[in-house]
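Contents: one structure, followed by commentary.
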Amino acid sequence: MPAHLSSAEAAPAFDIHGLAKVYRTEAGEVHALRGVDFHIAQGETLVLIGPSGSGKSTLLNILGGLDRATSGSARFHGFELTAATDVELTRYRRASVGFIFQFFNLVPSLTARENVALITEIAADPMSPEEALARVGLDDRMDHFPAQLSGGQQQRVAVARAIAKRPQLLFCDEPTGSLDSESGVQVLEAIAEVTAAVGATTMIVSHNTSIAAMADRVVKFRDGQIAETVVNARKVAPREMSW
């Protein structure tokens, strides 16, 4: 959790108890999560690591309101996600959650500014697209189309789009997975900077174990369960990490 907060002082963003997810397929049941229990402090940055199929992205999708748990409880400041209606989950995602995925999901016919405006036009108290793009170092690329931007720049547009609504939660699923190391560092720098700027609780799923150094806590998954949780004594800036 953030270094200036003790576990007793930090207000929990999430209380998670017995969270399970079972997918039923023709081949049988797949247990993606098996009774996960833990708490996430407000403003904390977590990095979730583990092999493919260990439950990282499933947890992120449930906490982000994109998927539903089979059983268990996940409360966000008292709001019970596992009992919410589809309408309530849509409101929750729109008001509270910013998403960043491995693939940028930008609209190719819109400029960087216009891609961010898609979010700011429906948010309650957004930044301007210009402010959001400036925060990720793209103030000189606002009127460029995605095809005119590098992969790293496109992902930074996606970061700007995610944080423009000033989200309480920032969920990143393999945000550097399709980038070279230098572009990846730039994207992680943007995530770290905007997380601090908006005070978001941030969760980053990654196969790149080096990214763990930028977290307050590292949560290691195996077979649908939390195998280990490690508190970093010192958070390392993305530029200082070994890739």
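General remarks:
- Within region 42-74, the set of residues being assigned to a strand (DSSP E or B) and touching a helix residue (DSSP H, G or I) at 6+ places or on another chain (Cβ under 7 Å) comprises T45, V47, L48, I49, G72, S73, A74.
- The condition of being more than 15 Å from Q153 (Cβ to Cβ), basic (K, R) and surrounded by fewer than 16 Cβ atoms within 10 Å (Cβ to Cβ) holds for only one of R75, R68, that being R68.
- Count of residues meeting criterion [charged (D, E, K, R) and either more than 18 Å from the chain's Cα centre (by Cα) or modelled with pLDDT of 95 or more (or both)] in region 227-236: 2
- Filtering region 111-151 to residues that are among the polar types (S, T, N, Q), buried (at least 16 other Cβ atoms within 10 Å of the Cβ) and at pLDDT below 95 leaves only T120.
The rows are residues; the columns are (1) β-branched (V, I, T); (2) more than 14 Å from the chain's Cα centre (by Cα); (3) over 30 Å from A20 (Cα atoms).
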position	(1), (2), (3)
R135	no, yes, yes
I163	yes, no, no
E182	no, yes, yes
G199	no, no, no
F221	no, yes, no
Q225	no, yes, no
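- Failed criterion for M127 (all others in (1) aliphatic (A, V, I, L, M); (2) out of contact with any strand residue (DSSP E or B) (no Cβ under 9 Å at 6 or more places or on another chain); (3) touching a residue at least 40 places away in the same chain (Cβ under 8 Å); (4) closer than 24 Å to T201 by Cα hold): (3)
Okay, residues lined up against (1) modelled with pLDDT of 90 or more; (2) in contact with a Gly (Cβ under 6 Å, 6 or more places away or on another chain):
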{"position": "R161", "(1), (2)": "yes, no"}
{"position": "L170", "(1), (2)": "yes, yes"}
{"position": "D173", "(1), (2)": "yes, no"}
{"position": "A197", "(1), (2)": "no, no"}
{"position": "A213", "(1), (2)": "yes, no"}
{"position": "R217", "(1), (2)": "yes, no"}
{"position": "G224", "(1), (2)": "yes, yes"}
{"position": "P238", "(1), (2)": "no, no"}
{"position": "S242", "(1), (2)": "no, no"}
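- Residue-level check: of (1) surrounded by 19 or more Cβ atoms within 10 Å (Cβ to Cβ); (2) touching a Ser or Thr at 6+ places or on another chain (Cβ under 7 Å); (3) farther than 18 Å from L66 by Cα, G50 misses just (2).
Yes/no per residue for (1) surrounded by fewer than 24 Cβ atoms within 10 Å (Cβ to Cβ); (2) of a type in the set (A, V, I, L, M):
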residue: P175; (1), (2): no, no
residue: D180; (1), (2): yes, no
residue: T195; (1), (2): yes, no
residue: V198; (1), (2): yes, yes
residue: I204; (1), (2): no, yes
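- Restricting region 61-96 to residues that are of a type in the set (A, V, I, L, M, F, W, C) and free of Cβ contacts under 8 Å to residues at least 24 places away in the same chain, the residue that is farthest from F38 (Cα to Cα): V87
- So I211, is it surrounded by 18 or more Cβ atoms within 10 Å (Cβ to Cβ), under 15 Å from P238 (Cα atoms) and among the hydrophobic types (A, V, I, L, M, F, W, C): yes
- For region 84-101, the set of residues classified as part of a helix (DSSP H, G or I) and either aromatic (F, W, Y) or surrounded by 12 or more Cβ atoms within 10 Å (Cβ to Cβ) (or both) consists of E88, L89, T90, R91, Y92, R93, R94, A95, S96, listed by residue number.
The values are calculated or read from the model by the stated rules, or taken from the named source; none is laboratory data. Only a predicted model underlies this, so the values are computations on that prediction, with no experimental measurement involved. Backbone-built Cβ (ideal geometry, glycine too); neighbour counts: all protein chains shown.
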